[in-house]
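To keep things clear, I will list the structure first and then write my remarks on it.
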Amino acid sequence: MSKAAPAIHDHLASLADITRSRLLLMLDRHELTVSELCGIMQLPQSTVSRHLKALADGGWVSARADGTSHLYTMTRQERDAPARRLRSLVRDQAGATPAASQDQRRLQATLAERRTKSQEFFSSSAGQWDRLRDELYGERFHLGALAAFAEREWVLGDLGCGTGETSATLAPFVRHVIAVDASAAMLQAARRRLQPFDNVELRRGDLEALPIDDAKLDAATLMLVLHYVPEPERALGEVARVLKPGGRFVLVDMQPHDRDSYRQQMGHVWLGFAEDQIARMCEEAGLGNVRVVQQLPDARAKGPGLFVATAVKGE
């Protein structure tokens, strides 16, 4: 009993003031700034800050930086049994007071004001939101987020990896990436880009004869490269060979087009692929559940329309 007494005395001292009890009630489920708490409780900043410090010193509340402000909330760490009983008692007793009821009404008004500010921003910025978002976060932030759909234990093949952009996007989310390209210059550029990653392996080889063992990959990507391949059927057969049973395949390429200049300017062998052509080649290669979806056109893109094809190797 003598050992427990000092602890409970400390808890009682922290919560002895009604203002601290009111603060604890509001911070039980919300993060609030000092300014917001001042408005809700109608108290000066010095008073609120002093009581917050007492609660923080007692381990009842914690704070985190949010820009130039600090957000306070009740500490989530497990307290000892006397502290839990005392918190429950304070909630029951202080929560029934007129002051606490007024605090709750003003708290709801403060939270509603937060939502209103967000709604006002989107109402005024809807027409410029895409541009503003790209300026703040870049044009490809969503690709990195969607890469999180990859399983953590996957071994993934970035086939025709080029300068390694796809590998860099996927590497943080999978166990290992095998990036293959036939061009030494492309692999050199990829090596520079992928230097921060220790789970990416670069290999030189052709898509029609991949330098990868049978049934090695959980998933494979072929991004805007099939139109360079003289024998696309062989390349897709190689994809099926290196995939494990049930392995997933994602192919991105161009829809059929008539820009014959691409053959001379960029070495394209094929002027895009039709949906039924892709489905047939995948199925003949041993890849099933084929789905081909046309991508929405990008207003800034000058090239032909693209499609995304997905397939699964049979079990």
* Asked: R0 = 25 Å: FRET efficiency of Glu135 with Ser35, Cβ-based, nearest 0.05?
  -> 0.30
* To do: Mind checking the full-extension length gain between Ala209 and His257? Use 0.36 nm per residue of separation minus the Cα-Cα distance, one decimal, nm.
  => 14.5 nm
* **Label point distance in nm, Leu43-Glu153, each placed 7 Å from Cα along Cα→Cβ** => 5.3 nm
* **Degrees separating the helix 275-285 axis from the principal Cα axis of the chain, which is the longest one** => 80 degrees
* Asked: So what are the chain's ellipsoid semi-axes, whole angstrom, largest first, if each one is the square root of 5 times an eigenvalue of the alpha-carbon gyration tensor?
  -> 60, 25, 17
* Asked: Where Rh denotes the Kirkwood radius from the mean inverse Cα pair distance, what is Rg over Rh for the range 123-260?
  -> 1.03
* **0 to 90° range, to nearest 10: angle between helix 81-94 axis and the chain longest Cα axis** => 70 degrees
* Asked: What length, rounded to one decimal in nm, is gained on full extension from Leu12 through to Glu201, with 0.36 nm per residue of separation minus their alpha-carbon distance?
  -> 62.0 nm
* Structure fact -> Mean accessible area per residue over the chain (1.4 angstrom probe, all protein chains present, square angstrom) is 58 Å²
* Accessible surface of His70 - all protein chains present, 1.4 Å probe, nearest 10 Å² -> 100 Å²
* Stick to the Cα atoms of the range 224-315, pair each with every other, and give me the Kirkwood hydrodynamic radius in Å at one decimal. => 13.7 Å
* Apportionment of accessible area to carbon and sulfur, the range 187-303, percent (1.4 Å) -> 47 percent
* Where does the charge balance sit around Arg248 when Lys and Arg score +1, Asp and Glu -1, over other residues with C-beta under 10 Å from its C-beta? -> 0
* Report, in degrees rounded to the nearest 10, the 0 to 90 angle that the Cα long axis of helix 4-14 makes with the longest principal axis of the chain. => 90 degrees
* Asked: Taking +1 at the Cβ of each Lys and Arg and -1 at the Cβ of each Asp and Glu, which of Leu23, Val48, Val34 sits farthest along the dipole of the range 12-102 towards its positive end, judged by Cα position relative to the Cα centre?
  -> Leu23
* To do: Report, largest value first, the span of the C-alpha coordinates of the range 135-200 along each principal axis, in whole Å.
  => 33, 32, 19
* Within the chain, helix-based [θ] at 222 nm, where runs of 4 or more DSSP H residues each add -39,500 (n - 2.57), nearest 500 -> -13500 deg cm²/dmol
* Given R₀ = 25 Å, FRET efficiency for Thr310-Leu143 by Cβ-Cβ distance, to 0.05? -> 0.95
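The values are calculated or read from the model by the stated rules, or taken from the named source; none is laboratory data. Source: prediction; values computed, not measured. Note that each Cβ is placed from the backbone with ideal geometry, even for glycine, and that neighbours are counted across all protein chains shown. Surface accessibility is based on the protein's heavy atoms, side chains included, excluding ligands, DNA and RNA. Shrake-Rupley method; radii C 1.70, N 1.55, O 1.52, S 1.80 Å.
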